[in-house]
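Enquirer: Pasting a structure here, questions to come.
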Amino acid sequence: MSVIGSLIFCTDCGNLLRESTGNADAILHCDVCGTRNKDTIPQTTVSESKPSAFPSALRAKRSAVQTLSAEDRKTEAIIDRTCNDCGRKQMFYTTVQLRSADEGSTVFYRCVCGFKETSNN
């Protein structure tokens, strides 16, 4: 019989046997192959650790309340696209899935001059 944690398996076929009785003289019968297995008390090991035992930079940053700056909320990227208003060669853009999942996303373009336009992909 093989024991892993509190699970007991048949030595012949590997079937999961019924739970241990705690009696070393008991015999557990396998329902699949009929093998007679000696009952053994499962060895269970419990270990505990404190969060401070495994320091983490991410855990240190986590708090119940997070304050986001304007820079943190900025999700725009830059693309080479000419602004129709001022002629600037680069614009900021962001994409949002506004329509159903099988359709393309909506792209919002913004120029530093204040010009805005959208495009449905």
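The values are calculated or read from the model by the stated rules, or taken from the named source; none is laboratory data. Just so it is clear, the model here is predicted, and its values are computed rather than measured. Every residue, glycine as well, gets a Cβ built from its backbone with ideal geometry; the counts of neighbours run over all protein chains shown. Each accessible area value is taken on the protein alone, full model and side chains, heavy atoms only, with ligands, DNA and RNA left out. Shrake-Rupley method; radii C 1.70, N 1.55, O 1.52, S 1.80 Å.
Enquirer: Identify, please: which residue in segment 55-76 is open to solvent by less than 80 Å² (accessible area, probe 1.4 Å) and more than 26 Å from the chain's Cα centre (by Cα) and is, among those, farthest from Ser119 (Cα to Cα)?
Expert: By that ranking, first place goes to Ser69.
Enquirer: Kindly provide the set of residues from segment 21-68 that are among the β-branched types (Val, Ile, Thr), within 30 Å of Cys10 (Cβ to Cβ) and at pLDDT below 75, ordered by number.
Expert: Thr21, Thr40, Ile41, Thr44, Thr45, Val46
Enquirer: Let me ask something else. Considering every residue within segment 40-49, establish whether at least one is open to solvent by 60 Å² or more (accessible area, probe 1.4 Å), assigned by the TED database to the domain that holds Leu28, assigned to a strand (DSSP E or B) and under 30 Å from Leu17 (Cβ atoms).
Expert: No, that holds for no residue.
Enquirer: So which residues in segment 73-97 are aliphatic (A, V, I, L, M) and at pLDDT 90 or above, if there are any at all?
Expert: Passing the criteria: Ala77, Ile78, Ile79, Met91.
Enquirer: Inside segment 80-94, can you point out the residues that are surrounded by 12 or more Cβ atoms within 10 Å (Cβ to Cβ) and either assigned to a strand (DSSP E or B) or in contact (Cβ under 8 Å) with a residue 40 or more places away in the chain (or both)?
Expert: Gln90, Met91, Phe92, Tyr93, Thr94
Enquirer: Can I ask one more? Return the pairs, sorted by first residue and then second, in which the second residue is at pLDDT 90 or above and open to solvent by less than 60 Å² (accessible area, probe 1.4 Å), the first residue lies in segment 95-121 and is under 19 Å from Lys74 (Cβ atoms) and assigned to a loop (DSSP other than H, G, I, E, B), the beta carbons are less than 8 Å apart, and the residues are 6+ apart or on different chains.
Expert: From segment 95-121, the pairs are Cys111/Cys83; Cys111/Met91; Cys111/Phe92; Val112/Phe92; Cys113/Cys83; Phe115/Cys83.
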